[in-house]
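Worksheet: one structure, shown below.
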Amino acid sequence: MSSHLFKIIFAIFSFLILPESISAQDLKYARETVNILGSDSLKGRGYAHNGDKLAADFIRREFKKFCLKNFNSSYYQEFETSVNTFPDPQSVVINGKELEAGKDYLLDPGSPSLKGSFDVISVTADEILDNAKFVNKLRVSSGQLIAVLPFNKSNFSKEQNEQLNGVINFLKYHPQNPSKGTIILTNDKLTWAGSVRQHPKPTIIIHSDSLDGSLKSLKLDIKSSFIEKYTTQNVIGFVEGKNTDSTIVFISHYDHLGMLGPQAIFNGANDNASGTAMLLSLAKHYSENKPNYNTVFIAFGAEELGLIGSKYLTENPLFPLSNIKFLINFDLAGTGDEGIQIVNGSVYREQFDELVQINEELDLLPNVKIRGAACNSDHCMFDQKNVPGFYIYTLGGIQAYHDVYDRPETLPLTEFEDYHKLIIEFIDRLK
Ligand SMILES: [Zn+2]
C-alpha cells in the first residue's frame with residue numbers, strides 16, 4: 001500500500017472512530033479518578049489521618065502532569081480552619097451489643113468525648129410537647145442520658161414541629177441540658193456532616209433498626225479530637241487561553257466528611273470525587289486543546305465545613321474575580337439518569353437557554369432542569385461577589401449521600417461522557 005493511500009485511509013478511519021474513542025478515554029479517566037479519590041486509603045478526604053492532604057496531593061500531581069500553570073509558584077492556597085475530628089476507635093454498646101459506626105449510629109459532628117455506663121431516660125414527642133412531663137423527664141435524666149424516641153413529623157402541626165425542633169436543639173447544644181448527653185432514635189436514613197465546633201455534650205443518632213429490645217442503658221466510649229487551627233488547602237491551576245483578557249473558572253470541592261473512628265469511612269464518591277473527576281477531565285482536555293479564554297481549575301478544600309475554602313479564595317483572590325466571564329461548579333456529578341439541575345439557571349437565563357439548545361442539538365442528557373439561586377455549595381461565595389456562573393448537579397440514580405454507602409463501586413457515572421461533552425461545547429461557544 002502506498003503511503004499516500006495509507007494516509008487517506010487512516011484519515012477516514014480516524015475520523016470515524018476517534019470521537020468515540022476520545023470519550024471512552026474520558027470515562028476511563030473519570031472512573032480511575034473516582035476510584036482513587038474515593039478509596040479507603042484517602043480516609044474520606046477529611047481531617048483525621050491527613051485525608052485532605054492525601055487528596056490535595058493527588059490533584060496537585062494531576063495538575064502538574066497536565067502542565068497546568070500556577071499562581072505564586074504553587075498549586076496550593078493554604079488556609080486554616082477549626083475542626084472536630086474522630087480519629088480514634090469508638091464504642092457504643094446497647095444490651096451487650098456493640099453498634100457499628102456509620103451503619104447503626106452516627107455521632108453529631110460536634111460531639112465531645114464521653115466514657116461510662118449510663119441509664120437512658122426516653123421521651124416521646126408527645127411528652128416533649130407537654131411542658132410539665134418534659135421538665136420532669138429532664139430532671140430525672142440529670143447525670144444520665146436522655147433519648148428522644150422516633151416520631152413521625154407528619155403527625156404534628158407546623159408549630160408543634162417547630163417546638164420539637166427547638167427542644168431537640170436545646171438537648172443537643174445547650175450547656176444547661178442536665179443530662180450527660182442526648183440520643184436521637186430515628187427511622188430515617190443516617191446522614192452525617194462536618195463541624196468546626198465542639199459542643200458541650202455529645203449526641204448519638206441511632207437508627208431504630210439497630211436496636212434489639214428496649215433502650216434502658218448504654219455503655220459508651222466515644223472520643224473526639226478538636227483541632228483549633230488545622231491548615232488545609234485549595235488546589236489551583238490554569239491553562240492560558242487564546243484571549244487572555246477574560247477567565248473561565250471550573251470549580252469542585254475535593255474534601256469530604258472523613259472518618260468516624262477507624263472503621264467508618266465516608267468515601268464521598270458522588271460527593272465529590274465525581275465533580276473533581278469532571279474538573280480534572282476538563283483540565284486534561286484544555287491542556288491538550290488550547291481554550292478560547294484563560295481557564296482556571298479550582299479544587300476547593302473545607303466545603304463540607306461550611307464553604308470555608310471558597311470563602312477564603314474569594315476574599316484572597318489569586319486573579320481578579322471581575323475578569324471571570326463564567327464559572328461552573330461541579331458538585332455531585334456521578335449519576336444523571338434523570339439529567340442535570342442548573343442552579344442559577346433562571347438568574348443567567350441566556351446561558352441556560354444556550355445549554356438547553358446544545359443539549360438538544362447533540363442529543364446528550366435526558367433533561368436539563370432550571371433552578372434559581374441556592375447557597376448550597378462553593379459557587380455561592382462567587383455569587384456573593386456577582387461572578388456569573390452555574391452550579392450543576394446530576395439527578396436520579398443512587399441516593400447515597402453523606403453516608404458510608406457513597407462509594408466508588410456503586411457510583412454509576414451514567415451520563416458522565418455526555419455531561420463532559422455538553423460542558424466543553426457550552427464553554428467553547430461562549431462569546
Ligand atoms: Zn458536595
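Some points to look at:
- Residues in segment 244-260 carry Karplus couplings, in order, of 9, 7, 10, 10, 9, 10, 10, 10, 7, 8, 9, 6, 9, 8, x, 9, 10 Hz; the curve used is 6.51 cos²θ - 1.76 cosθ + 1.60 with θ = phi - 60°, and Gly or Pro positions show x.
- Whether segment 90-222 is rounded, prolate or oblate, judged on the alpha carbon gyration tensor where a/c under 1.5 counts as rounded: rounded
- The protection proxy used here, the mean number of other Cβ atoms lying within 10 Å of each residue, ranks peptides 217-229, 389-401 as follows, highest first: 389-401, 217-229.
- Sorted ascending by nearby beta carbons within 10 Å, beginning with the fewest, 62, 425 become 425, 62.
- Average Cα contact separation per residue, the chain, under 8 Å, 6 or more apart, as relative contact order %: 20
- Leading residue at positive end of dipole, the chain (Cβ point charges), from 56, 102, 226: 226
- Residue order for 331, 337, 209, fewest other beta carbons within 10 angstrom first, comes to 209, 337, 331.
- Cα-based shape type of segment 332-373, given that a ≥ b ≥ c are square roots of the gyration tensor eigenvalues and the cut on a/c is 1.5: oblate
- Per-residue Cβ neighbour counts within 10 Å put 288, 350 in the sequence 350, 288, beginning with the fewest.
- Only Lys, Arg (+1) and Asp, Glu (-1) charged, at Cβ; segment 90-222 dipole about Cα centre in debye: 340
- Each residue of segment 95-108 was assigned a 3J(HN,Hα) from its phi angle through the Karplus expression (A = 6.51, B = -1.76, C = 1.60, θ = phi - 60°), giving 6, x, 9, 7, 7, 9, 4, x, 9, 8, 8, 10, 9, 3 Hz with x at Gly and Pro.
- In the chain, the DSSP beta bridges split such that about 50 percent are antiparallel, to the nearest 5.
- From phi via Karplus (6.51, -1.76, 1.60), per-residue ³J(HN,Hα) for segment 233-241 in Hz, x at Gly/Pro: 7, 8, 10, 9, x, 8, 10, 6, x
- Near residue 217, the amide H atoms lying under 5 Å from its own belong to 95, 120; only residues 5 or more places off or on other chains count, and H is placed 1.01 Å from N.
- Under a model in which nothing but the beta-carbon of Lys, Arg (+1) and Asp, Glu (-1) is charged, the chain shows a dipole of about 1020 debye around its Cα centre.
- Reachable lysines from residue 431, criterion Cα separation under 25 angstrom, eight or more residues apart if same chain: 69, 242, 284, 290, 325, 369, 385, 421
- Among 145, 174, 186 - extreme Cα towards positive end, dipole of segment 90-222, charges at beta-carbon: 174
- Sequence-distant residues sharing a close amide H with residue 198 (under 5 Å, placed H): none
- The alpha carbon gyration tensor of segment 16-98 gives principal lengths a ≥ b ≥ c with a/c of 1.5 or higher and a/b no greater than b/c, which makes the shape oblate.
- A straight Cα-to-Cα reach below 15 Å connects residue 311 with the aspartates and glutamates 78, 80, 255, 303, 378, 383, residues fewer than 8 places away in its own chain not being considered.
- Remark on the chain: 67 stand apart, with no other cysteine beta carbon under 4.7 Å.
Bear in mind that the values in this text are calculations on the coordinates, not laboratory data. Since we're looking at a predicted model, the values are computed, not measured. We place every Cβ from the backbone using ideal geometry, glycine too, and count neighbours over all the protein chains shown.
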